[in-house]
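Below is one structure, written out as structure tokens, with a few remarks after it.
Rule-based calculations on the coordinates, nothing more; no lab input. Note that this is a predicted model, so its numbers are computed, not measured. Cβ: placed from backbone, ideal geometry, glycine included. Neighbour counts: every protein chain shown.
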Amino acid sequence: MLRSALIAASRSAGCRSVVERTPLMRPIVDRFVAGSAVDDAVRVAHELAADRLISFDHLGEDTLDRAQAEQTVEAYRTVLARLDAEGLGGKAEVSVKLSGLGQALAVDGEKIALENTRRICEAAAAAGTTVTVDMEDHTTTDSTLSIVRALRADFPATGTVLQAYLKRTEADCADFAGPGSRIRLCKGAYDEPASVAYRDKSEVDASYVRCLKVLMAGQGYPMVATHDSRLIEIGERLAGQAGRSRDGYEFQMLYGVRPQVQAQLAARGLRMRVYVPYGTEWYSYFMRRLGERPANMAFFLRALTRR
Ligand code: FDA
């Protein structure tokens, strides 16, 4: 219930203005967000790059303004040029949210998001790296997958996210398990109805394992995005059973979440990528992270009540 309330709050302008104006919130936000500017993201990337890979996320979603979507494209072109200039091209990629690139615009939203993401893919290719398309709520899944298919025609290494909590995902994994595909499998972070999604943790976890089996047995590159130790162990075991070498798949975690486990996996020679969000539009991303762990909520409430 708490998680549903936080996800609802992540889309409320009223809650946003209260949370953003709470001065004591900044240290809690800083745990999950690398900073406001591209320099902050690049600094964090250099710190992580000793033993980890990176995916940059320029924060921003749900835009209904074409000019803002254009600014997001420019922000990605800037970070891609920076990672190229700093020699991070082999270590870092970018993650994009299509709702920040125009997908939700009333007129031609899908077409505009495709063209905007294509321009980011061009900049990524020039920097020697790739793009992974995040997955948002279930009303956008078909549109997102159709955009990813179109992008892969020209940029075959374009990856996408599939969410194990959706009942459709095992079939989507089978569709996307072919040669060259890059699939980031996560549990799913939105509040989805029981008509389309598993709502019990045990059912989501069981679905995650079924999806992992499909991806590991397939011909693509599975990206195991979870902080759940049990699923990480299962992922490693399934990769071994499928005959994958250590560079035939990777683990992924979010910046600020279980950093010691990230370091331990990397120290064992496993590929570990950290998703590094940065920018000023942190509110929705931050609220979803709060809902994932009750202890995060305690820090948040303390900051809110001391404003
Ligand atoms: P689970 O929530 O069961 O957590 C397992 C353990 O990890 C917890 O017990 C806790 O110890 C720790 N943990 C998890 N989250 C934490 C947090 N926020 N703070 C502190 N500790 C935490 N979702 C989506 O819908 N679309 C997307 O595109 C993406 N993209 C994405 C990329 C990457 C790289 C990752 C790692 C995750 C996503 N997600 C996502 C988010 C994902 O769907 C999910 O909500 C979170 O990863 C939490 O689920 P876990 O698999 O970690 O398991």
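So the values come out like this:
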| item | result |
| --- | --- |
| For the chain, alpha-carbon Rg over 2.2 N^0.38 Å | 0.94 |
| Close Lys-Lys pairs in the chain, where close means Cα under 20 Å and separation is 8 or more or interchain | 8 |
| Rel. contact order, % - alpha carbon contacts under 8 angstrom, at least six apart, the chain | 25 percent |
| Computed label-point distance, nm, for sites A13 and E170 using a 7 Å Cα→Cβ extension | 4.3 nm |
| Backbone HN-Hα couplings from phi across segment 294-302 [Karplus 6.51/-1.76/1.60, Hz, Gly and Pro as x] | x, 4, 4, 5, 4, 4, 4, 5, 4 |
| Unit charges on C-beta of K, R, D, E only; dipole of the chain, Debye | 940 debye |
| Efficiency of FRET between R21 and A295 - r from beta-carbon atoms, R0 22 angstrom, step 0.05 | 0.40 |
| Separation of alpha-carbon centers, segment 39-91 and segment 135-192, rounded to whole Å | 21 Å |
| Cβ-placed point charges (K, R +1; D, E -1), dipole of segment 68-122 about Cα centre in debye, nearest 20 | 100 debye |
| Stretch gain in nm, segment E70-V261, where the contour uses 0.36 nm per residue and the Cα spacing is subtracted | 65.1 nm |
| Among H46, V33, I7 the positive-end extreme of the charge dipole of segment 1-152 (Cβ point charges) | I7 |
| Segment 26-141: relative contact order in percent, alpha carbon pairs under 8 Å with at least 6 residues between | 26 percent |
| Within a Gaussian network of the chain (alpha carbon springs, distance under 10 Å), most fluctuating of V276, V224, V38 | V38 |
| Sequence ranges 16-26, 84-94, ranked by mean other-Cβ count within 10 angstrom, highest first | 84-94, 16-26 |
| GNM top mover of K167, K187, K201 - the chain, alpha-carbon springs below 10 Å | K201 |
| Check: segment 62-202 dipole with +1 on Lys, Arg Cβ and -1 on Asp, Glu Cβ, in debye | 360 debye |
| Neighbourhood net charge (9 Å Cβ-Cβ; Lys/Arg +1, Asp/Glu -1) for Y208 | 0 |
| Contour minus Cα-Cα distance for R43 and A106 (0.36 nm per residue) | 18.9 nm |
| Local electrostatic count, L145, Cβ distance below 9 Å [Lys/Arg +1, Asp/Glu -1] | -2 |
| In sequence order, calculated HN-Hα J values of segment 272-283 (Karplus, 6.51, -1.76, 1.60; Hz; x Gly/Pro) | 10, 10, 10, 8, 10, x, 8, x, 8, 8, 8, 4 |
